[in-house]
Amino acid sequence: MPRILSIESSCDETAAAVIADGRTILSNIVASQAAKHAQYGGVFPEVASRMHVEVIYQVVHQALTDAHLDLGDIDAIAATRGPGLPGSLVVGLNMAKGLALGRNLPLIGVNHLEGHVYSLWLVEGAPEVRFPVLCLIVSGGHTELILMTGHGQYRRLGGTLDDAAGEAFDKVARLLGLPYPGGPSVEKAAQGGNPAGFRFPRAWLEGTHDFSFSGLKTAVLYEVRKQKPGVPFGPDSPPLDLTQVPDLAASFQTALIDVLVGKTVAAAQAYGVTEIFVAGGVSANRALKGEFERRAACPVRVPPLFLCTDNAAMTGAAANFRYLAGQRDALDMDVLPNWRLV
Ligand code: KG4
Ligand code: ZN
């Protein structure tokens, strides 16, 4: 029963966890910087890496304390190697190297997207996974549709050609004057809105498993402009006082979810998968989950809320299967800010 101490610092969460056997969360600490970055309306990379430096020791220490373990009880150290912000990744990876070196423990570098996929192995009481499964990874930086045929075996079916789904939520939130992070703000605003209030475009990209959300984002921008003619518009323009924010938010969210769910369900049927796995920050969206449950012909697995957004438990779950497969990384391993899963 390997016990893995894992670290995640790819963006603006400093996180550490202890995972037993790839399935049991013994501890899971997340220190979020969101409140700080909200001042800038998005993640400020240099601020992010320096904030990781400040808290990482305490976060790792707390993960061991919560698990009632010390380093002598740990079998391997894992950290996110990429993709992510280089300056942020370096902090977590170097902490992991220090621990591995100090205790002569195996070191395992983990792909952040694989971590999101393996968050689904941490769902309590879920049935054993039977491959193939279809993974929809929807986060701030990625939207990927991936066929998973075994542990660590992926075939990319498609992905976004422009904005990631979470990025579209974040950008639309800014257009609507809603606070960072945009996903939860838009979801909240949408609850009071009419999803049919505005007829926004859906890019189906027929014959492919790709996505595109920039047209949808631009349609929201044009609608906002129409309502406030003469207001100078750019990424740094002041938030607009719009009376129709709930309808705009609900119509945008409905259009985005319509495409995400429609295309994923179609791919699931085409490839005859046993289950659809949805992971990454946007999987926290309740409307997305509800729509999948309504439209999918197969079971849909979504992580509990605390495992949707970035955390180190998922990193540990992915590291566990890599550990069992014999992966050991060297102390000169570099971060891979643009690392693709497949
Ligand atoms: O996976 P994650 O925490 O970090 C990355 O790997 O990027 O995903 C963050 C993204 C952000 O774009 C955020 O706006 C989005 O996930 N997000 C949501 C929700 N919660 C977070 N999007 C839609 N609805 C939500 N409830
Ligand atoms: Zn993520």
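FYI, it's all coordinate maths here, none of it is from the lab. Everything quoted here is computed from the prediction, not taken from an experiment. Positions of Cβ are backbone-derived with ideal geometry, glycine not excepted, and every protein chain shown enters the neighbour counts.
What is the angle, in °, between the Cα long axis of helix 313-324 and the longest principal axis of the Cα atoms in the chain? Nearest 10 is fine, range 0 to 90.
Value to nearest ten degrees: 50.
Grab the eigenvalues of the alpha-carbon gyration tensor for the chain, scale each by 5, take roots, and send me the semi-axes largest first in whole angstrom.
One finds semi-axes of 35, 24, 16 Å for the chain.
Just how large is the dipole of the chain about the Cα centre, in debye to the nearest 20, putting +1 at every Lys and Arg Cβ and -1 at every Asp and Glu Cβ? Before the final figure, lay out each step's value.
Values: 28 positive and 33 negative charges, 127 e Å.
Computed charge dipole of the chain: roughly 620 debye.
Through the Karplus equation 6.51 cos²θ - 1.76 cosθ + 1.60, θ set to phi - 60°, convert the phi angles of the stretch 52-59 into ³J(HN,Hα) values in whole Hz; use x for Gly and Pro.
Values, residue by residue: 4, 4, 5, 10, 4, 4, 4, 5 Hz.
Once phi is turned into θ = phi - 60°, what whole-Hz ³J(HN,Hα) does the Karplus curve with 6.51, -1.76 and 1.60 give for every residue of the stretch 96-110, x standing for Gly and Pro?
4, 4, x, 5, 5, 5, x, 10, 6, 9, x, 10, 10, x, 10
I'd like the distance between the alpha-carbon centres of the stretch 269-342 and the stretch 33-80, rounded to an integer number of Å.
20 Å
At q = 0.09, 0.13 Å⁻¹, what log₁₀ I(q)/I(0) does the stretch 130-302 have when each alpha carbon counts as one equal point scatterer in the Debye sum?
-0.31, -0.61
Taking amide H atoms as placed 1.01 Å from N in the peptide plane, list the residues 5 or more away in sequence, or in a different chain, whose amide H sits under 5 Å from that of Gly82.
Close amide H contacts, sequence-distant or interchain: Val110, His112, Leu336.
Can you give me the distance in nm between label points at Lys188 and Leu71, each placed 7 Å from the Cα along the Cα-to-Cβ direction?
Spacing of the two 7 Å Cα→Cβ label points: 4.0 nm.
Taking GluC sites (Glu not before Pro) that fall in a DSSP loop and have at most 13 other Cβ atoms within 10 Å as cut points, what is the longest piece of the chain between them?
Of all site-free stretches, the longest is 207-342.
Give me the Debye-computed log₁₀ of I(q)/I(0) at q = 0.32 Å⁻¹ for the stretch 60-103, equal point scatterers on Cα only, no solvent, two decimals.
Here the Debye-derived log intensity ratios amount to -1.13.
So who's got an amide H within less than 5 Å of the one on Asp210, skipping anything under 5 residues away but keeping other chains? H placed 1.01 Å off N, in plane.
For Asp210, the qualifying residues are Gly159.
Using the charge dipole of the chain (Lys, Arg: +1 at Cβ; Asp, Glu: -1 at Cβ; taken about the Cα centre), state which of Ala297, Leu107, Asn285 has its Cα farthest towards the positive end.
Ranked along the dipole, the leading option is Ala297.
What number results when the radius of gyration of the stretch 235-342, computed over Cα atoms, is divided by 2.2 N^0.38 Å?
Normalised Rg, Cα atoms only: 1.44.
Which of the trypsin sites (Lys or Arg not before Pro) found in the stretch 1-95 are in a DSSP loop and have at most 16 neighbouring Cβ atoms, other than their own, within 10 Å?
Filter output for the stretch 1-95: Arg23.
Can you compute 3J(HN,Hα) from phi for each residue in the stretch 28-38, using the Karplus curve 6.51 cos²θ - 1.76 cosθ + 1.60 with θ = phi - 60°, rounded to whole Hz and x for Gly and Pro?
Computed from phi, the couplings for the stretch 28-38 are 7, 10, 10, 9, 8, 9, 3, 4, 5, 6, 4 Hz.
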